[in-house]
Amino acid sequence: MKSRYFLSISFNGHNYNGWQIQKNALTVQEILNASVSRIFKHEINVVGCGRTDAGVHAKNFYAHFNLENELNPEKILNYIKKLNGSLPWDIKVHDLIPVKPDAHARFDAIERTYRYFISYEKDPFFNDFAYFHYQNLDIETMNQAAKILKEYSDFTSFSKLHTQTKTNICDIKEAKWEIEGQLFIFTITADRFLRNMVRAIVGTMINIGKGKTTMEEFRKIMEAKNRSKAGYSVPAKGLFLTEIKYPAGIFLNK
């Protein structure tokens, strides 16, 4: 029987057109497939925990793949080193974890957390990983809006149009704004996310923080279920997938 493994990775999305393989565009999945196949000496397709848009980063991302035989646990660390040696600098493997044969990196995930970074000061060292927004934002009002998000379940107003998603229903577990140094940081956790959802929410909340959109108008945006009613999508470079949670029972060594 085939053995299944989870890869725990992180990547800088700057050079990639998202996670999923596409024609005529470089993606993280394409690079990882090539590396895993090379190390294990047969063609392997890794299945990711979700799709990230072009330019989005991941500090914590999981993908699964199958092997014909179970790996010797004492050689796991060696395989991790070999994988990292074959991957470019902007993709790193953190762990190689044996899981149950039916464990699925995408469908078994029960929570996902994203963080979006906004710098309110021009800084060359943040430029590739944060959105520079020079205007002051009212974080208290933005946090009021973040609380409102948890009252709703249909996020059509923040979804990219013409996707293959069967439902736009999401369960928001947490949504909040914080200030750390020169950064405004938005953290949001849910069971699932729609394409472009976080970036559209952040763009809409920036308008709230600037006093251009009221709480009543924000509710109307949510209830309209119309993407054109919401704010702009902020740049992908400030968005990070930071955490994925799974049921503990799918891991064989925990």
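Return the pair list, or none, for Cβ contacts closer than 8 Å from residues in the stretch 72-86 that are assigned by TED's automatic domain parsing to the domain that holds Ala34 to residues that are among the β-branched types (Val, Ile, Thr) and not in a helix (DSSP H, G or I), at least 6 apart or on different chains.
Sorted first by the residue in the stretch 72-86, then by its partner, the pairs are Ile80/Val93; Leu83/Val93; Asn84/Val93.
Please determine, by comparing only the residues of the stretch 112-139 that are charged (D, E, K, R) and over 19 Å from Gly203 (Cβ atoms), which one is surrounded by the most Cβ atoms within 10 Å (Cβ to Cβ). Walk me through it before giving the result.
So the first thing to find is which residues in the stretch 112-139 are charged (D, E, K, R), and the list is 112, 115, 121-123, 128, 138.
Those left that are additionally over 19 Å from Gly203 (Cβ atoms): 112, 121-123, 128.
On the way: Arg112: 22, Glu121: 12, Lys122: 10, Asp123: 13, Asp128: 12.
Per the stated criteria, the residue is Arg112.
Got a number for residues in the stretch 140-166 being acidic (Asp, Glu) and surrounded by fewer than 12 Cβ atoms within 10 Å (Cβ to Cβ)?
Here the count works out to 2.
Scan the stretch 204-221 and tell me whether some residue there is under 21 Å from the mean Cα position of the chain (by Cα), among the acidic types (Asp, Glu) and surrounded by 13 or more Cβ atoms within 10 Å (Cβ to Cβ). Show your work before the answer.
Filtering the stretch 204-221 down to residues under 21 Å from the mean Cα position of the chain (by Cα) leaves 204-206.
From the residues that got through so far, the ones that are among the acidic types (Asp, Glu) too are none.
Checked against the condition, which is being under 21 Å from the mean Cα position of the chain (by Cα), among the acidic types (Asp, Glu) and surrounded by 13 or more Cβ atoms within 10 Å (Cβ to Cβ), the stretch 204-221 yields no hits at all.
Give Lys237, Lys166 a once-over and let me know the one that is basic (Lys, Arg) and free of Cβ contacts under 8 Å to residues at least 60 places away in the same chain. If you could, list the steps in order and put the result at the bottom.
Working: Lys237 fails: free of Cβ contacts under 8 Å to residues at least 60 places away in the same chain.
After ruling out the rest, the residue left standing is Lys166.
Which of (1) out of contact with any Cys (no Cβ under 8 Å at 6 or more places or on another chain); (2) part of a strand (DSSP E or B) is the odd one out, the single condition Phe218 does not satisfy?
That leaves (2) as the condition not met.
Quick check: is even one residue across the stretch 114-136 under 16 Å from the mean Cα position of the chain (by Cα), charged (D, E, K, R) and either closer than 29 Å to Ala175 by Cβ or in a loop (DSSP other than H, G, I, E, B) (or both)?
Yes, the stretch 114-136 has at least one match.
Would you check which residues across the stretch 236-254 are surrounded by 15 or more Cβ atoms within 10 Å (Cβ to Cβ) and in a loop (DSSP other than H, G, I, E, B) and list them?
Within the stretch 236-254, Tyr246, Leu252 meet the criteria.
For the stretch 174-190, which positions are touching a strand residue (DSSP E or B) at 6+ places or on another chain (Cβ under 6 Å) and not polar (S, T, N, Q)?
Residues of the stretch 174-190 that are touching a strand residue (DSSP E or B) at 6+ places or on another chain (Cβ under 6 Å), as a first pass: 174-178, 182-190.
Within the stretch 174-190, Glu174, Ala175, Lys176, Trp177, Glu178, Leu183, Phe184, Ile185, Phe186, Ile188, Ala190 meet the criteria.
The values are calculated or read from the model by the stated rules, or taken from the named source; none is laboratory data. Predicted model only: the values in this text are computed from it and were never measured. Reconstructed Cβ throughout: ideal geometry from the backbone, glycine too, with neighbour counts over all protein chains shown.
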